Structures are given as structure tokens and as C-alpha cells.
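Heads up: the structure comes next, in C-alpha cells.
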Amino acid sequence: MPTRMQPAVISVATITLLSLALVACGGPKEAPITVPDGARAGDLVGLEACTYETDDAAYEADCGTLVVPENRDDPNSRLIALPVTRLRATGDSPTEPIFWLTGGPGASNMVVNPPPETIENHDLVMVGYRGVDGSVVLDCPEATKAWRGVGNDLLNDESLTNLGQAFADCHARLAGEGIDLDGYTMPAVIEDLEDARIGLGYERVNLLSGSYGTRVAMFYPSLYPDSVYRSLMVGVNPPGRLVWEPETVDEMIAYDAELCTRDPSCSARTDDLAESMRNVIDNMPRRWLFIPIDPGKVKVTTQFLLFHRRSAATVYDLYLAAEEGDPSGLALTSVMYGFIWPPMNTWGEWANKGCPDFDPSRDWITDMDPPDSVMGSPTTLAIGGMFQFGASWTVAPIPDEFYEVPASDVETLIVSGNQDFSTPAQFATDELLPVLSNGHQVILSEFGHTGDVWGMQPEAMVHLVTTFYDTGEVDDSLFTYEPMDFYVKRGWPVQAKQYLAIAVAAPLVLVALLGLAVRFVVRRRRRR
């Protein structure tokens, strides 16, 4: 899901910043844009020179507003506005532009930190995702609040019932505000991209997509085969794969457990990493000192942090510490859940795009927590489970062809990490690659999700990307093997004790300072 092209990080402070960044990605940073007077569907208006700033650079750009129908299937639909930003190529002879498609769903498509080399020969274009970036935002504060759980377990029946009701209430509120939810679909996003291509005057475009954005990239060429030149996908998410199955999670944990046997710092602490995790989950303490431990929050946060290998090492460290008798890392994980998961998405947008992957008739509670699994698939259990407890989020069904991986003749490069818990490499290998007549997959050993692919060996990744877009060749020769490193210098158990010490010491220091201040005042009065 990350939109920044950089590696994942592991400290609590950085995780907190990450969660805040995801909040920013989930909704507009400024006042929502509006439809200009007199604009018609398909117009790209107000395109003016602007500056796009990242943490590392400032780029000359053009900023404008794309006007589109809210519901493309309704001829009487009102109009909505989407932002468009084009970073101008820095070279003298730019070729096909690159259209950026971030992950999610529910994250902004207007945030990217491109390596300068990628825009030397190509404009880089961001078209706002409808429902997140434009004049209509499908925000669901009801769901954000409900994701914090009820009682002492995020995954208990009461929490899931409350979560389902929150999504139902959000749907009813948005519809009551006059928002046509049937219009906020993936096919409509593709039509928005096509309108932007035409409005910007491009004959054809390249696509650069990550995670859920790869699904948009899959179907764009199937609708407009002459509009797409080359497509590069990082972390492929085929139809239906927003559902993370327990057996897939177990396979990935088993793979990491095998890597643990080769790592001195990990193998010295456990003979079987997977069994150590299972033991802690099956016997999870409910508090550390006076701090409660919510097992559902711990498991959901665990699954999220396993996406990237640096944060995964932190997860394994805190589970091994818990097995050794120190549950402080579990307590901190439970606390940090509130900063990571509830605010990370525009949940109405997520529901509109994500719910079609979930069969409401399935027994999610049983299927996602089988007794022989290490931890099941807690995130999918929470989302699917709410359907069993009254959730209702209805939108017009998208065409059947969007549930099947489409064949394509477009030159396509798939980049996957074989340690990716979010979008495992085998999904692309088995489901997408066979239907690509001009497809190629690069699988990076011991790389996780998109943050690892962009951040672990950035020079190699940039070389791969620029070579593919400029020549069509696939050159992964600069990548080198980096074995998984399980050693964590300052893990969450250590940080938990440090933050607890600060929390305890701070009031004592404040009392001491107040005492000194009172003593100083009393002495001055006595002298007078």
C-alpha cells in the first residue's frame, strides 16, 4: 500500500509517522476541489504550471482539474472533479509518459516520490482516484471508530457486529448525502485515466502500478488496447486477491521459519519459528503489567507488519521475546494498532472497491481461523466476519469480465518479492503471467511487498524500471542477493520498556519541578 518509493522501517516512532502518512494519503490534504463553472464531462481545465515538492526534490509540473461524471452509466449523472498533476520530463526528448497507479484501495493517488531518473525521459502523471482525491471523498469516520474494537478483543463477535453496523451506517449516510456510490468503481477509474490521457494530448501511455493499482493496470489495456504502450507492475493483485487466505499466510510464515534456521540470531532463540508464533498466539497473555493486550489487535498488526521484511523481523523478535516470558512487545503492538490500522484508509472508498472480492455467503469466521493454522488470516477474518454480523455495503455489480484476469499483448514487466505476504509472487506467476503474450516476471529473493522492491536496492530497481520503459528490455542484473536478517537491535519489547519508563518518569519529574517552583516562591515570600 505504501505510495512512497522507499523501504519499510521498524521503530515505533516511524510506524507512528507511517500511520499519519497513510491518513494523509487516505484523504485530501487541502480543501476538496470543485467542478468549475461551465465545465463538461471529460474537460481538463485550469492546467497551469505548478511545483510538485517531495522530501528530496522539487519538480516543475502542471496542475489541473479533470471533470468526469459521477456515474458513467447514468446519462443524467452529476459531475465531479479530480485533480491531475503532471511532473514534466527533465530531458530534452521525452517519450511516452508514465501514469502512476498506487495501491489501496482507499489511498490517494496524488502522492509519489519518484527517483529523478524515472522522469528524465518521461512525464509522470498522477490522476486522482475518485472517492479519495476529488470533490467527493467517501470518508467513513464510523468505520474508523469501529475498527478500534469493542471490549478486549478486536475479533470477538461484539466487535465484528459493531464494525458491520458502522459500515452499514456509513453507506446509508453517504447515500443520504446524495452520493451515487454505484459510480465509484474500478472500471470508472480506468475511464478517468483515459479522459486524462486524451485531455493531456498523449497518443499512448506507460503504466507504473503497485499492489491494488496493478489490478487497474491489468484492465486498462483490455478496455483501451491502443492507449497503453508498456506496463510495469510491482506486487500484482489479481481479482479476488484482496482476500488473504490462511494457507497462504501459513506458507509465507513457514518460508520465513526456514530462513530463521539459517540465521544465527534467530535459530539461537527457537528451533521452529512458526511453532513459536503459534504457541504465543494460542497462549497470549491479556496484559503486561497494567497495559491490556488485545489479541485481535496484535494479530491484525502482525499480519500488516509482515508485509516488509524489516518490520517482519521486528514482529518475529517480539513473538520470540513473548515465548521467552517477556510480553511487553505484544502490549506495545496492541497499543500501536490504533495508530496504524483504523486511520490508514478512506474506508468508504475501500468498501466500494474491496467488497466485491468478499463473498457475503462465505463462513469467514471459520474459514479464516482454522485450528491447524499458525494465526489464520486475522485481517480477512475482520473484514469478512463483519458480513456475518450484519454489514451491508451494496453497489451496482461491475461487469463479469472484471472478475477474471484479462489477456493482453501489451509489453508488461511484473516485479515480485518472494517474501511478499500481501501479494505473493505465485499469484502473478500462476494467474497473470500465462495470459500475457509479452509478459516477463522478475522475482526478487527475500524481498517483501512494494516498499522492499523500491527501497532495498534502489539503484537496481531504478535501472530495471528505466531500461524497461526506454528500451523494452528487462535488465535485473544489478540486483544482488540479501539474506533475511532477523537481528533486531532495538525491538518493540525494548521500546515498550523505554516508553513505559518515560510515561512513569514524566509525571514524577513534573511533580518534582512543581515542588521546586513552590519552594522557590515560599522562600521569596519569607525573605520579603
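The values are calculated or read from the model by the stated rules, or taken from the named source; none is laboratory data. Since this is a predicted model, take the numbers as computed values, not measurements. Glycine also receives a Cβ, built like all others from the backbone with ideal geometry; neighbour counts cover every protein chain displayed.
What the table shows:
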{"quantity": "Of all residues in segment 269-311 being among the small types (G, A, S) and out of contact with any Gly (no Cβ under 7 Å at 6 or more places or on another chain), the one that is nearest to G455 (Cα to Cα)", "calculated": "S311"}
{"quantity": "Test for L154: is it within 30 Å of V298 (Cβ to Cβ) and not charged (D, E, K, R)", "calculated": "yes"}
{"quantity": "Count - residues of segment 459-488 that are of a type in the set (A, V, I, L, M), surrounded by 14 or more Cβ atoms within 10 Å (Cβ to Cβ) and in contact with a His (Cβ under 8 Å, 6 or more places away or on another chain)", "calculated": "1"}
{"quantity": "Conditions (1) in contact with a Gly (Cβ under 9 Å, 6 or more places away or on another chain); (2) under 26 Å from G235 (Cβ atoms); (3) surrounded by fewer than 24 Cβ atoms within 10 Å (Cβ to Cβ); number of the one not met by V125", "calculated": "(1)"}
{"quantity": "Residue satisfying condition, being without any contact (Cβ under 8 Å) to a residue 24 or more places away in the chain and under 24 Å from the mean Cα position of the chain (by Cα), within set A166, A146, A175, A188", "calculated": "A146"}
{"quantity": "Filtered residues of segment 402-416 (kept if hydrophobic (A, V, I, L, M, F, W, C), surrounded by 22 or more Cβ atoms within 10 Å (Cβ to Cβ) and more than 25 Å from the chain's Cα centre (by Cα))", "calculated": "V410"}
{"quantity": "Condition met for P399 (surrounded by fewer than 16 Cβ atoms within 10 Å (Cβ to Cβ), at pLDDT below 95 and in contact with a Pro (Cβ under 9 Å, 6 or more places away or on another chain))", "calculated": "yes"}
{"quantity": "Residue within segment 69-78 that is surrounded by 20 or more Cβ atoms within 10 Å (Cβ to Cβ), among the basic types (K, R) and within 27 Å of G348 (Cβ to Cβ) present", "calculated": "no"}
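So that you can scan it fast, the table gives a plain yes or no per residue for (1) of a type in the set (A, V, I, L, M, F, W, C); (2) in contact (Cβ under 8 Å) with a residue 60 or more places away in the chain; (3) under 30 Å from M375 (Cβ atoms):
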position	(1), (2), (3)
A196	yes, yes, no
G201	no, no, no
L207	yes, yes, no
L223	yes, no, no
V228	yes, yes, no
E245	no, yes, yes
D263	no, yes, yes
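Residue-by-condition table, conditions (1) in contact with a Gly (Cβ under 9 Å, 6 or more places away or on another chain); (2) farther than 26 Å from D357 by Cα; (3) crowded, with 18+ Cβ neighbours inside 10 Å:
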position: A81; (1), (2), (3): yes, yes, yes
position: G91; (1), (2), (3): no, yes, no
position: P94; (1), (2), (3): no, yes, no
position: G103; (1), (2), (3): yes, no, yes
position: P116; (1), (2), (3): no, yes, no
position: G134; (1), (2), (3): yes, no, yes
